[in-house]
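Read through the structure below, which is laid out as structure tokens, and then see the notes.
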Amino acid sequence: MAFVTRQFMRSVSSSSTASASAKKIIVKHVTVIGGGLMGAGIAQVAAATGHTVVLVDQTEDILAKSKKGIEESLRKVAKKKFAENLKAGDEFVEKTLSTIATSTDAASVVHSTDLVVEAIVENLKVKNELFKRLDKFAAEHTIFASNTSSLQITSIANATTRQDRFAGLHFFNPVPVMKLVEVIKTPMTSQKTFESLVDFSKALGKHPVSCKDTPGFIVNRLLVPYLMEAIRLYERECPSWSAHLRIIFTFQDPGMGVVLVKPWQCDASKEDIDTAMKLGAGYPMGPFELLDYVGLDTTKFIVDGWHEMDAENPLHQPSPSLNKLVAENKFGKKTGEGFYKYK
């Protein structure tokens with residue numbers, strides 16, 4: 001009798017597991033909203049792993065630029081992946097591109113999709129308006145996900161009627177190269193939705209990690225304060241010397257000197273900080289190089305948002321240097337100048 005009971009319980013357990021697994025959404029068709037760097041990257045890796053993709057943005061010109069960028073990126077991948085077989089590489093590129101359609105009307109393409117991934121501007125109102133609209137047109141089973149790096153997922157999900165089918169899916173730049181995906185589960189996200197997104201991330205060849213809906217999730221919660229502390233280290237003046245000035249004489253013409261006066265700074269230069277973190281901590285980029293790569297405007301947006309939520313936290317304090325560069329439209333590599341200048 002005991003043996004029969006154990007067999008019965010195993011059978012029930014196996015059936016329950018199989019049933020739960022069967023309920024998960026197997027993502028085959030993906031709609032990516034936003035044809036920028038992140039959206040195009042997500043579309044590329046999804047298409048390259050056998051998913052049917054629709055990439056959506058506001059204009060055909062933006063989409064044409066996105067498609068061109070995806071093709072260039074795919075050719076780089078093919079050059080490495082099919083180094084010994086160029087024909088196979090070309091076929092890989094063409095096949096991947098053929099599975100990416102484009103549209104300027106998101107509402108018209110979400111009716112049959114399994115997953116909508118949003119990668120648009122970091123503006124809560126704009127994201128809410130988008131998802132509220134798409135919620136009316138998407139199929140019942142469709143999962144919504146945001147690629148936001150700083151906004152609360154719950155605040156975006158509340159604009160829809162499918163909070164249980166809403167989560168964060170945070171990719172990292174450049175998407176085709178970076179292996180990590182943060183899967184963010186809100187208090188309303190169902191286990192089925194969470195597991196479906198974990199499976200989808202793995203199908204892309206990524207390594208998913210789980211995180212609750214906390215500011216900055218895992219990586220940015222640790223990374224952004226580190227970057228801001230690097231800026232403060234660069235900005236900081238020695239308290240005992242802050243009232244003193246250093247005189248530097250430079251000569252433009254024989255016999256004529258120009259006097260430059262500036263505060264005596266004694267912590268470290270941005271160049272030395274970058275070198276120290278690369279050689280001492282083994283980081284591939286120093287903090288100022290990374291800031292310029294990520295975008296100073298993006299970093300400022302995150303810090304400003306956190307400061308608004310928790311103004312007393314010393315880690316979330318604004319930076320005069322960062323604010324000045326952003327005000328001057330010096331966002332880093334994408335504008336040709338940030339903390340460093342680029343040709």
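Calculate how large, on average over all directions, the projected area of the Cα convex hull of the stretch 273-316 is; give the answer in nm² to one decimal.
Orientation-averaged projected area of the Cα hull: 3.5 nm².
All other residues with a Cβ under 14 Å from the Cβ of residue 118 taken together, and with Lys, Arg as +1 and Asp, Glu as -1, what is their net charge?
+2
Quick one: if you take sqrt(5λ) for each eigenvalue of the C-alpha gyration tensor of the stretch 139-211, what semi-axes come out, biggest first, whole angstrom?
Working from the Cα gyration tensor, I get semi-axes of 20, 14, 10 Å.
If you take every residue apart from residue 63 with its C-beta less than 14 Å away from the C-beta of residue 63, what net charge results, scoring Lys and Arg +1 and Asp and Glu -1?
Result for the local shell: -2.
Just the Cα atoms of the stretch 28-67: what Rg and Dmax do they give in Å?
9.3, 27
Apply the a/c threshold of 1.5 to the C-alpha gyration tensor of the stretch 15-137 and tell me whether it is rounded, prolate or oblate.
Here the stretch 15-137 falls in the oblate category.
Each label point is 7 Å from the Cα along the Cα-to-Cβ direction; what then is the distance between the points at residue 226 and residue 283, in nm?
In this crude spin-label approximation the distance works out to 0.6 nm.
How high is the relative contact order of the stretch 56-143, given as a whole-number percent (alpha carbon pairs under 8 Å, six or more residues apart)?
It comes to 30 percent, rounded to a whole number.
Tell me which of 215, 226, 203 sits at the most positive position along the dipole axis of the stretch 193-234, charges placed on C-beta atoms (Lys, Arg +1; Asp, Glu -1).
Looking along the dipole axis, the top candidate is 226.
With a/c under 1.5 counting as rounded, go ahead and sort the stretch 37-102 into rounded, prolate or oblate using the C-alpha gyration tensor (a ≥ b ≥ c being the square roots of the eigenvalues; past the cut-off, prolate if a/b is larger than b/c, else oblate).
prolate
If you add up the charges near residue 212, with Lys and Arg at +1 and Asp and Glu at -1, over every other residue whose beta carbon is less than 14 angstrom from its beta carbon, what do you get?
0
Take each of the peptides 188-198, 164-174, average the number of other beta-carbon atoms within 10 Å over its residues, and list them starting from the highest.
Going from most to least packed, we get 164-174, 188-198.
R0 = 51 Å: FRET efficiency of residue 76 with residue 311, Cβ-based, nearest 0.05?
For R0 = 51 Å, the calculated efficiency reads 0.70.
In square angstrom, what is the accessible area per residue of the stretch 18-174 with a 1.4 angstrom probe?
Accessible surface, normalised per residue, equals 48 Å².
Pull up all non-local amide H partners of residue 181: gap of 5 or more, or a different chain, and H-to-H distance under 5 Å with H placed in the peptide plane.
Amide H to amide H, under 5 Å and 5 or more residues apart or across chains, residue 181 pairs with 207, 209.
Along the stretch 26-37, what does the Karplus equation 6.51 cos²θ - 1.76 cosθ + 1.60 (θ = phi - 60°) give for ³J(HN,Hα), rounded to whole Hz, x for Gly and Pro?
8, 6, 10, 10, 10, 10, 10, 9, x, x, x, 4
The values are calculated or read from the model by the stated rules, or taken from the named source; none is laboratory data. Nothing here was measured: the structure is a model prediction, and the numbers come from that model. All Cβ positions, glycine included, derive from the backbone under ideal geometry; neighbour counts span all protein chains shown. Keep in mind that these areas ignore ligands, DNA and RNA; they rest on the heavy atoms of the full protein, side chains included. Shrake-Rupley method; radii C 1.70, N 1.55, O 1.52, S 1.80 Å.
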